[in-house]
Amino acid sequence: MKYILIVGIAIVNRKIYLCGGVSPSNTIFVASCEAFDVDAMRWDSIASLPSALHHCAAVGLDEFIYLSGGQLQHPERTTTNQLLRLKSSESGN
């Protein structure tokens, strides 16, 4: 797990998901999503977002993570009203 700020956070099935974010220097936006499994006490990567995003709202519902709004890095820190849906079981590991 990297040190990332201003992430979207959601909980689904005893996993805590952190999606998007920005570096502490506020210069690098992040498109990754990671999950902390509270039973295994470990971090896993899941599918990346279509674009880097931060300041988004996040909620877990059933098997999905929904991300709403936020700010995109390109073009030039654009505010967005997009709604993204990720399946929580799409694991990169």
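Using Cβ-Cβ distances only, list the Cys residues of the chain with no partner cysteine under 4.7 Å, sorted by number.
Lacking a cysteine Cβ partner under 4.7 Å: Cys56.
Which order results if Cys56, Cys33 are arranged by neighbouring Cβ count within 10 Å, fewest first?
Cys56, Cys33
In the chain, which GluC sites (Glu not before Pro) fall in coil by DSSP and have 16 or fewer other Cβ atoms within 10 Å? Walk me through the numbers on the way to the answer.
Numbers: sites: Glu34, Glu63, Glu76, Glu90; in loops: Glu63, Glu76, Glu90.
Hits after loop and neighbour filter: Glu63, Glu76, Glu90.
Which whole-number percent gives the relative contact order of the chain, counting Cα pairs below 8 Å spaced six or more residues apart?
Worked out over the chain, it gives 24 percent.
Only the coordinates and a few stated rules stand behind these numbers; no lab work does. A quick note: this is a predicted structure, and the numbers were derived from the prediction, not measured. Ideal geometry is used to build each Cβ from the backbone, glycine not excepted, and the neighbour counts take in all protein chains shown.
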